[in-house]
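The values are calculated or read from the model by the stated rules, or taken from the named source; none is laboratory data. Everything numeric here is computed off the predicted structure, so don't read it as measured data. Here the Cβ positions follow ideal geometry from the backbone for every residue, glycine too, while neighbour counts run over all protein chains shown.
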Amino acid sequence: MITVKGLYYSKDHEWVKVDGNKALIGITDYAQHALGEIVYVELPELGTEYEAGDVFCVIESVKAAADSYTPVSGKVVEVNEELEDSPQLLNEGPFDNWIVAIEMNDPSELESLMDEEAYKIFCEKEE
C-alpha cells in the first residue's frame with residue numbers, strides 16, 4: 001500500500017491535499033486496490049455545496065460501485081474532467097489524479113482527518 005506524506009486521510013479512504021483554502025480530494029491506493037479496475041467516475045457539478053461526509057461522486061469498477069465521501073465541507077470549484085474519458089487514471093496513479101477541488105467552508109475540519117502514519121495503522125486494522 002502506497003501513502004503520501006503531507007496529505008490528510010479519511011476513514012472512507014479519500015485523501016486531501018490542501019492548497020490555500022482549496023482541498024484537492026482523491027481516493028487512496030488502498031481504495032483503488034479494493035475497487036479493482038475502475039471503469040467509470042460520476043463527477044459532481046461545479047458549484048455544488050457539500051457538507052463533510054456527503055457523497056460527492058460514485059466510482060464504478062468491474063467489481064462494484066462505491067460512493068466517495070467528501071472529508072471537508074465546501075463548494076466544488078474544479079473537477080478532474082480527464083477522469084470522464086480515462087477513469088483508469090485512478091488505478092494508475094491514485095495520488096496523481098485528484099477527483100474534485102473544494103473551496104473549504106471550515107478548514108478546521110481537517111483536524112478530524114488522519115495523517116499518513118495514523119492512516120497506515122487504520123488500514124492495517126481493516127485488513
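So Glu49 clears everything in (1) in contact with a helix residue (DSSP H, G or I) (Cβ under 6 Å, 6 or more places away or on another chain); (2) farther than 17 Å from Phe95 by Cα except one condition, right? Which one? Condition not satisfied by Glu49: (1).
Listed by first and then second residue, the pairs with beta-carbon distance under 7 Å, at least 6 apart or on different chains, first residue in the stretch 41-56 and assigned to a loop (DSSP other than H, G, I, E, B), second polar (S, T, N, Q), are Glu51/Ser73; Ala52/Thr70; Ala52/Ser73; Asp54/Thr70.
Among residues that are out of contact with any helix residue (DSSP H, G or I) (no Cβ under 9 Å at 6 or more places or on another chain) and closer than 23 Å to Phe122 by Cα, Thr70 is included.
Of the residues making up the stretch 36-47, none is among the hydroxyl-bearing types (Ser, Thr, Tyr), surrounded by 14 or more Cβ atoms within 10 Å (Cβ to Cβ) and either closer than 19 Å to Ala118 by Cβ or more than 14 Å from the chain's Cα centre (by Cα) (or both).
Looking across the stretch 93-111 at every residue that is within 15 Å of the chain's Cα centre (by Cα) and exposed (fewer than 14 other Cβ atoms within 10 Å of the Cβ), the one that is nearest to Lys22 (Cα to Cα) is identified as Asp96.
Put simply, of Glu109, Glu51 the only residue that is of a type in the set (Asp, Glu) and closer than 15 Å to Tyr9 by Cβ is Glu109. Counting only residues that are out of contact with any Leu (no Cβ under 7 Å at 6 or more places or on another chain) and of a type in the set (Val, Ile, Thr), which one in the stretch 27-75 is nearest to Ser108 (Cα to Cα)? If we take residues in the stretch 27-75 being out of contact with any Leu (no Cβ under 7 Å at 6 or more places or on another chain) and of a type in the set (Val, Ile, Thr), then Thr70 is nearest to Ser108 (Cα to Cα). Among all residues of the stretch 42-50, there is none that is under 22 Å from Met1 (Cα atoms) and among the charged types (D, E, K, R).
Output the residues belonging to the stretch 67-85 that are of a type in the set (A, V, I, L, M, F, W, C) and surrounded by fewer than 19 Cβ atoms within 10 Å (Cβ to Cβ). Residue satisfying the conditions is Val77 alone.
Scanning the stretch 1-35 for residues that are of a type in the set (A, V, I, L, M, F, W, C) and in a helix (DSSP H, G or I), which turns out surrounded by the fewest Cβ atoms within 10 Å (Cβ to Cβ)? Step by step, filter the stretch 1-35, then rank; the result is Ala34. Only one entry of Glu111, Glu60, Glu117, Glu103 meets the criterion of being modelled with pLDDT of 95 or more, within 25 Å of Lys5 (Cβ to Cβ), part of a strand (DSSP E or B) and of a type outside the set (Gly, Ala, Ser), and that entry is Glu103.
Give Ser73, Ser10 a once-over and let me know the one that is touching a Pro at 6+ places or on another chain (Cβ under 8 Å) and not charged (D, E, K, R).
Criteria check complete, one pass: Ser10.
If the condition is being of a type outside the set (A, V, I, L, M) and within 12 Å of Glu37 (Cα to Cα), then the stretch 80-93 contributes Ser86, Pro87, Gln88, Asn91, Glu92.
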